[in-house]
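Some notes on the structure that comes next.
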Amino acid sequence: MAMTNTTERAAIDRLMATIDAEAAMCGPESGRPFLSPRVAKAMRLVSRAHFVLPTHVDLAYVDCALPIGYRQTISQPFIVALMTDLADIAATDRVLEIGTGSGYQAAILSLLAREVHSVEIVPELAESAARRLQALGYGVAVHHGDGRAGYPAAAPYDAIIVTAASWDVPPALVAQLREGGRLVVPLGHEHESQRLMRCVKRADGSLEQRACLAVRFVPLVHGEPPPATGPAPARSSTA
Ligand code: SAH
């Protein structure tokens, strides 16, 4: 289903109202009852309809995760907004995202930061996201590889966002974060409770960690990439 500009505007307005309400509701836990105006503006500017499968365009502005193929999902918009907010991105920042997926989160980051790198383990997703982001004019460097190793060539990063659940904080990501840099990562196993963590790198190299929200993400692959099968629904949402 194609959307007219007016329909899309109205749908984005409704989505942003939902996100504001969720932010307020989760505020005591997340520490962020309001989205920063910069993040809210970036969320409004990126058409999520360009990042979902053609069959899901009518659901693009519903606040839920959607399948994008290869057993992966585009994250729930509220979670994208919250993670972006927790990363406190300044216009001069260099940012690394792990888990490019559709490229939606990366597109939003690219409106806020000076430089964005994103690493994706599924080659087909890396390729399609890179093509999509370029066609839409978003300045994101997409790299195919295992994001647990980060992307050392462009380190250090002012902020790192991991968009798949990890058992641990990958040491390479801590090493590639500058002192005072922010790392936002869902920690926990698949099918178990996961916690969205906001970490800040201390001068001694250790991490100050704060649990922000119970979440559910697809797993960060440790080792072998997931089998290349077609779309299958996997949810990524607040628990
Ligand atoms: N940020 C994405 C959604 C992420 S879903 C978006 O905005 O659409 C999680 C993504 O992480 C999936 O695309 C999955 O293939 C990828 N992924 C899982 N393990 C990974 C790893 N070790 N390295 C890089 N990407 C990984």
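Please report, in debye to the nearest 20, how large the charge dipole of segment 5-238 is about its Cα centre when each Lys and Arg carries +1 at its beta carbon and each Asp and Glu carries -1 there.
Details: 22 positive and 24 negative charges, 75 e Å.
Dipole of segment 5-238, to the nearest 20 debye: 360 debye.
Taking the Cα centre of the chain as the origin and placing charges on Cβ (Lys, Arg +1; Asp, Glu -1), which of G103, A42, V174 is farthest toward the positive end of the dipole?
The one lying farthest along the dipole's positive direction is A42.
Which shape class, rounded, prolate or oblate, goes with segment 5-238 when its Cα gyration tensor gives a ≥ b ≥ c as root eigenvalues, a/c under 1.5 marks rounded, and past that a/b bigger than b/c marks prolate? Please list the in-between numbers first.
Values: a/c = 1.34, a/b = 1.15, b/c = 1.16.
Rounded is the answer for segment 5-238, as its axis ratio a/c remains below 1.5.
Have a look at T73, T18, T92 and tell me which one the Gaussian network model of the chain (Cα, springs below 10 Å) gives the largest fluctuation.
T92
I'd like the distance between the alpha-carbon centres of segment 102-136 and segment 175-209, rounded to an integer number of Å.
Segment 102-136 and segment 175-209 have Cα centres spaced 22 Å from each other.
Residues with beta-carbon under 12 Å from that of A23, excluding A23: net charge, scoring Lys, Arg +1 and Asp, Glu -1?
Combined, the nearby Lys, Arg, Asp and Glu give -4.
Using per-residue counts of other Cβ atoms within 10 Å, averaged over each peptide, order 5-13, 191-199 from highest down. Don't skip to the answer; put the middle values down first.
Details: 5-13: 13.3, 191-199: 17.9.
Sorting 5-13, 191-199 by mean packing, highest first, produces 191-199, 5-13.
Say R0 is 22 Å: what FRET efficiency, to the nearest 0.05, do A153 and R114 get from their beta-carbon distance?
Details: r = 16 Å, r/R0 = 0.74.
Computed FRET efficiency for A153 and R114 comes out at 0.85.
Pop out the ³J(HN,Hα) list for segment 16-31 in order, Karplus 6.51 cos²θ - 1.76 cosθ + 1.60 with θ = phi - 60°, rounded to Hz; leave Gly and Pro as x.
Values per residue, Gly and Pro as x: 5, 5, 5, 4, 4, 5, 5, 4, 5, 5, 8, x, x, 7, 7, x Hz.
State whether segment 109-156 is rounded, prolate or oblate according to the following rule on the C-alpha gyration tensor (a ≥ b ≥ c being the square roots of its eigenvalues): a/c under 1.5 gives rounded; otherwise a/b larger than b/c gives prolate, and the remaining case gives oblate.
oblate
With a cut-off of 8 Å between alpha carbons and a minimum separation of six or more residues, what is the relative contact order of segment 49-164 in percent?
On the way: 210 pairs, mean separation 30.5, N = 116.
Averaging sequence separation for qualifying contacts and normalising by length gives 26 percent for segment 49-164.
Every read-out reported here was derived from the displayed coordinates using simple, explicitly stated rules and does not represent laboratory data. Quick caveat, the model's predicted, so the values are computed rather than measured. Glycine also receives a Cβ, built like all others from the backbone with ideal geometry; neighbour counts cover every protein chain displayed.
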